[in-house]
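The values are calculated or read from the model by the stated rules, or taken from the named source; none is laboratory data. These numbers come from a predicted model, not from an experiment. Reconstructed Cβ throughout: ideal geometry from the backbone, glycine too, with neighbour counts over all protein chains shown.
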Amino acid sequence: MTSTQELFELGNAHNSPSYGPSDAIMERGQGVTLYDRDGNAYLDFLAGIAVNCLGHAHPDLVKALQDQAATLLHVSNMFYTEVQIRLMERLTSLSFADRVFLCNSGAESVEAAFKLARRFQSTVVGKPNKTNIISMNSSFHGRTLAAITATGQPKYHKGFEPLVPGFFYADFNDLESVRKLVDQDTAAIIVEPIQGEGGVRPATPEFLQGLRDLCDSVGALLIFDEVQTGIGRTGTLFAYQGYGVEPDIITLAKGLGGGVPIGAMMATNRVFEGFVKGSHASTFGGNPLACRAALTVLDVIERDGLLENVNQRGEQLMSALRELAADHPTIIDVRGRGLMIGVECLDTHAAEIVNACRDQGLLVNVAGGATVRFVPPLIVTAQDVESAVSRVKQALEEWTSKQAA
Ligand SMILES: *Cc1c(COP(=O)(O)O)cnc(C)c1O
């Protein structure tokens, strides 16, 4: 058998150098546990970066995908399938939206949102110069050219210039800085209700409401990028529902397919007047396999009361982490909503603590440079959370004693 080290080197010889995976090679998963090919088990509180909301190998998802694979995988948007229609009906019935553009990833859903916003302003409102898009510093919106342009972090822009014209940056949670940029040429404002990659930073309710009011005052569209916060992650199906502020456009991906790639951009009938036949499309968009996965995810969330679980387990995890923070001065903040929790650490300690957690068999990662991110599957039990917390505690103790040595 090829050794894991050899296989890892083979991967590194052929993989895009833009990735730098860990040296564990993952083999299978079951519930909240991930196993590598050397038989090590990990408690997975990273969940494929907030993707595997039903955990690994969830029996309902496995069965649905097996059935769908044996029935129909793909037909293109030249035809409907019932499963696609059911998914669009379901997503709109659960939100403010009337229509859905189905795609395959978060970045594509963000691209679709920008295209819809600009076309809405030019063709429906009749203002072809109303094209500016305002996004937030320390945001993340994906890796296509328009998505990195909207991403308010220079490190994602470097070497890829020229960026897409018409983008401007304000400070997150600073309404005044947004107000300075908003005018009659503003087509849209895009914001994550909780910045994910930026370090798990929740917007204040006043900020989101203020953005809503600013948009209304100049006829701009408010886009909530819920690629990470959507599908139950924060304790309501969509984060906007927890804030009580309704956007005009919402973007989804990550958790939507429970691990099967799918994205969605949703809006009202009025906003979707911006698209006509041929305006935008995706070959794989609405793929029956992906739609079946998403429908199953939504079914299980509802049937098993997972939103309640997210709130209870989220509180449990948050308060346990806050207790640990009291004993560990490197932890300077614990924040988030539901099962999207960040533990901000001093200096470069977050990366070291993530490694120490892995040594304890707990998978978490660094977001925004200084924050340890916890985004476990929505199915975690009280016992899983207890186990994770005791591993974090152990990791912090080992890390602390290494610091002292
Ligand atoms: C992950 C993420 C994206 C990008 O999604 P991809 O599927 O990687 O293209 C966009 N927006 C937010 C808020 C995200 O967290």
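Based on what the data block shows, is Phe160 within 16 Å of the ligand (Cβ to nearest atom) and touching a residue at least 40 places away in the same chain (Cβ under 8 Å)? No, not satisfied. Among the residues examined, Ala294 does not qualify as aliphatic (A, V, I, L, M), in contact (Cβ under 8 Å) with a residue 24 or more places away in the chain and in contact with a strand residue (DSSP E or B) (Cβ under 7 Å, 6 or more places away or on another chain). Among the residues making up the stretch 190-229, those that are away from the ligand (no atom under 16 Å from the Cβ) and either among the hydroxyl-bearing types (Ser, Thr, Tyr) or over 19 Å from Glu176 (Cα atoms) (or both) are Thr204, Ser217. Of all residues in the stretch 253-295 being within 14 Å of the ligand (Cβ to nearest atom) and assigned to a loop (DSSP other than H, G, I, E, B), which is nearest to the chain's Cα centre (by Cα)? Top of the filtered list is Ala253.
Put simply, of Gln153, Gln209, Gln195, Gln184 the only residue that is of a type outside the set (Ser, Thr, Tyr), modelled with pLDDT of 95 or more, surrounded by 15 or more Cβ atoms within 10 Å (Cβ to Cβ) and over 19 Å from Ala370 (Cβ atoms) is Gln209.
Looking at the stretch 394-405, can you tell me whether even one residue there is surrounded by fewer than 22 Cβ atoms within 10 Å (Cβ to Cβ) and among the hydroxyl-bearing types (Ser, Thr, Tyr)? Yes, the stretch 394-405 contains a residue that is surrounded by fewer than 22 Cβ atoms within 10 Å (Cβ to Cβ) and among the hydroxyl-bearing types (Ser, Thr, Tyr). Does the stretch 304-359 hold any residues that are outside any loop (DSSP other than H, G, I, E, B) and hydroxyl-bearing (Ser, Thr, Tyr), and which are they? Within the stretch 304-359, Ser319 is the sole residue that qualifies. Residues in the stretch 90-142 that are within 10 Å of the ligand (Cβ to nearest atom) and either on the phi > 0 side of the Ramachandran plot or among the hydroxyl-bearing types (Ser, Thr, Tyr) (or both): Ser105, Ser109, Ser139, Gly142.
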